[in-house]
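Asker: First the structure, which I've put down as structure tokens, then a few questions once you've had a look.
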Amino acid sequence: MPNLLAPNLLTLNLTVAGVLLVGLGALHIALPAALNWHRELAGASPINREVSYVHCYFIGLTCVLWGLLALAAGRQLLQSGPLNRLVLIGAVAFWASRLVIQVAVFNRHARESPAWLVLSTAGTVLWLYLTAVWTLTLLAQH
């Protein structure tokens, strides 16, 4: 059985997580169109429409930035130190929170259609993987 805290394995998984997060962040550009927000939010007040679009932008940007951190500094994050530990605690809290939201909120829609079931399952696997990668990186801090 491989040592999940081995630096080379963690670095590889941080790279994979980084690519996934940058890609996910980029997908947020198309999210409003994919979810048909123009029609769905037509009856909402202007401020609610604007908040939806602005939050989508910032969630996408956050994904890109976490991804770039993993890609650019994955190996450095494995080095023990208070700053790295704080960043990694933040990463674990952030992605574990997203996993909880996936399970508690979004997975309820899995029964609506086969497409939602696939998206819900993929989302759960993605957030579980990201939470595990950041958690294992934190645990590698001595």
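Asker: Return the total of residues in region 35-54 being under 18 Å from residue 106 (Cα atoms), of a type outside the set (A, V, I, L, M) and surrounded by 13 or more Cβ atoms within 10 Å (Cβ to Cβ).
Answerer: Looking only at region 35-54, we keep the residues that are under 18 Å from residue 106 (Cα atoms), and these are 35-37, 40, 52.
Pick out the ones that are also of a type outside the set (A, V, I, L, M) and you get 36-37, 40, 52.
If we keep only those that are surrounded by 13 or more Cβ atoms within 10 Å (Cβ to Cβ) as well, we get 37, 52.
Matching residues across region 35-54 total 2.
Yes/no per residue for (1) modelled with pLDDT under 95; (2) surrounded by 14 or more Cβ atoms within 10 Å (Cβ to Cβ); (3) closer than 15 Å to residue 15 by Cα:
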| site | (1), (2), (3) |
| --- | --- |
| 56 | no, yes, no |
| 63 | no, yes, yes |
| 99 | no, yes, no |
| 108 | yes, no, no |
| 117 | yes, yes, no |
| 126 | no, yes, yes |
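Asker: Which residues, counting only those in region 34-66, are aromatic (Phe, Trp, Tyr), closer than 29 Å to residue 16 by Cβ and without any contact (Cβ under 8 Å) to a residue 40 or more places away in the chain?
Answerer: Residues satisfying the conditions are 57, 58.
Asker: Let me ask something else about it. Going through region 1-15 one residue at a time, which ones are surrounded by 15 or more Cβ atoms within 10 Å (Cβ to Cβ) and free of Cβ contacts under 8 Å to residues at least 40 places away in the same chain?
Answerer: Those that are surrounded by 15 or more Cβ atoms within 10 Å (Cβ to Cβ) and free of Cβ contacts under 8 Å to residues at least 40 places away in the same chain: none in region 1-15.
The values are calculated or read from the model by the stated rules, or taken from the named source; none is laboratory data. Nothing here was measured: the structure is a model prediction, and the numbers come from that model. Counting neighbours? That spans all protein chains shown, and the Cβs are built from the backbone with ideal geometry, glycine included.
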